[in-house]
Structures are given as C-alpha cells and as structure tokens.
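Working notes, structure below.
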Amino acid sequence: MSDDCLFCKIVAGDIPATVVRDDERTLAFRDVNPQAPVHVLVVPKRHLPDAAAVLADDPTLLSAMFASAVKVTEDEKLGDGYRLVFNTGKGAGQTVFHAHLHLLGGRDLGWPPG
Ligand code: 5GP
Ligand code: ZN
C-alpha cells in the first residue's frame with residue numbers, strides 16, 4: 001500500500017469504486033471517466049507503478065491481471081471485440097502510477113486509436 005496512491009485506496013476500500021471482479025491478487029473496477037460503453041481497469045492489489053514493474057516483480061501477477069480482464073470480457077459479453085491497453089509513462093498518458101490494464105469494449109473501437 002502506498003499512502004498517496006489513488007488505486008491503493010480503491011483496493012483498500014477507502015475510495016468507492018464499482019467493482020466488477022475481485023480475486024486474491026487483482027481488482028477490476030469501472031473507470032470513472034469511461035471512454036467506451038465498457039471501460040474497466042484491472043489492477044494488482046500490490047502497489048507496483050506500471051506493467052513492466054509487475055512483470056519484474058512477478059510474471060504470474062501480470063497473467064492474473066490478463067486472466068481477470070478476459071473474464072470481464074466474458075461477463076460483459078464482448079464477443080465482438082475489445083481492447084486491452086497499458087499506458088506506460090507520462091508520454092503515453094499514464095496519470096495514475098499504480099499499474100492498471102484498461103479494458104475497452106462495447107462499441108466499434110477503430111484502429112489506429114486517436
Ligand atoms: P491512465 O491515464 O493512467 O492510463 O488511466 C487512469 C485512469 O483512471 C483514467 O482512465 C481515469 O479516468 C481513471 N480514474 C482516475 N481517477 C479515478 C477514480 O477515482 N476512480 C476510478 N474508478 N477511475 C479513476
Ligand atoms: Zn498503489
């Protein structure tokens with residue numbers, strides 16, 4: 001737990017969020033500013049700043065995040081397609097430095113992204 005981390009506070013239940021999956025190592029909750037009809041963030045419960053740090057700490061934790069995201073796509077019936085994104089670093093738009101996997105779906109997402 002990092003005291004000044006927004007997502008650590010959501011994991012701890014100190015800040016409310018709409019949780020869609022909760023397992024031993026990961027939490028999945030809806031983005032407060034959704035960019036698609038389904039926009040879920042999957043985070044590790046441990047504080048790690050980005051996806052590369054998750055990989056370095058424990059590759060199986062990265063797999064657990066991916067597995068949680070895939071289960072959410074099943075729950076949300078995203079059979080038409082979905083996008084998984086790790087924004088990594090300020091230059092890529094990362095604003096919360098607790099690793100999170102964006103799951104986007106429920107509309108035609110297009111490619112390349114804007
Ligand atoms: P990033 O820009 O770091 O890749 O993504 C951070 C995401 O966290 C953004 O999509 C933003 O809308 C979301 N977010 C920021 N604050 C909150 C919050 O308090 N609750 C939830 N559920 N999402 C948040
Ligand atoms: Zn954190």
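The values are calculated or read from the model by the stated rules, or taken from the named source; none is laboratory data. Predicted model, so just to flag it, every value in this text is computed and none were measured. Reconstructed Cβ throughout: ideal geometry from the backbone, glycine too, with neighbour counts over all protein chains shown.
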Run ASP4 past the list (1) over 12 Å from the mean Cα position of the chain (by Cα); (2) within 12 Å of HIS98 (Cβ to Cβ); (3) within 14 Å of ligand 1 (Cβ to nearest atom); (4) surrounded by 17 or more Cβ atoms within 10 Å (Cβ to Cβ) and report the number of the one that doesn't hold.
(4)
Restricting to segment 96-108, count the residues that are buried (at least 16 other Cβ atoms within 10 Å of the Cβ) and more than 27 Å from SER2 (Cβ to Cβ).
2
Residue in segment 12-29 that is farthest from ligand 1 (Cβ to nearest atom), counting only those that are within 17 Å of VAL96 (Cα to Cα) and either under 12 Å from the mean Cα position of the chain (by Cα) or in contact (Cβ under 8 Å) with a residue 40 or more places away in the chain (or both)
THR26
Segment 57-114: number of residues that are out of contact with any helix residue (DSSP H, G or I) (no Cβ under 9 Å at 6 or more places or on another chain) and assigned to a helix (DSSP H, G or I)
18
Has segment 50-59 got at least one residue that is modelled with pLDDT of 95 or more and within 12 Å of ligand 1 (Cβ to nearest atom)?
yes
Being of a type in the set (A, V, I, L, M, F, W, C), in contact with a His (Cβ under 9 Å, 6 or more places away or on another chain), in contact (Cβ under 8 Å) with a residue 40 or more places away in the chain and away from ligand 1 (no atom under 11 Å from the Cβ), is that true of even one residue in segment 30-46?
yes
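Listed here are the residues, each with its yes/no results for (1) surrounded by fewer than 16 Cβ atoms within 10 Å (Cβ to Cβ); (2) over 14 Å from the mean Cα position of the chain (by Cα); (3) over 27 Å from LEU109 (Cα atoms).
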residue: ALA51; (1), (2), (3): no, no, no
residue: VAL70; (1), (2), (3): yes, no, no
residue: ASP75; (1), (2), (3): yes, yes, no
residue: LEU78; (1), (2), (3): no, yes, no
residue: GLY89; (1), (2), (3): yes, yes, no
residue: GLN94; (1), (2), (3): no, no, no
Can you confirm whether segment 68-87 contains a residue that is under 24 Å from ALA12 (Cα atoms) and within 16 Å of ligand 2 (Cβ to nearest atom)?
yes
Scan segment 5-44 residue by residue and report those that are of a type in the set (A, V, I, L, M) and in a strand (DSSP E or B).
VAL19, VAL20, LEU27, ALA28, VAL38, VAL40, LEU41, VAL42, VAL43
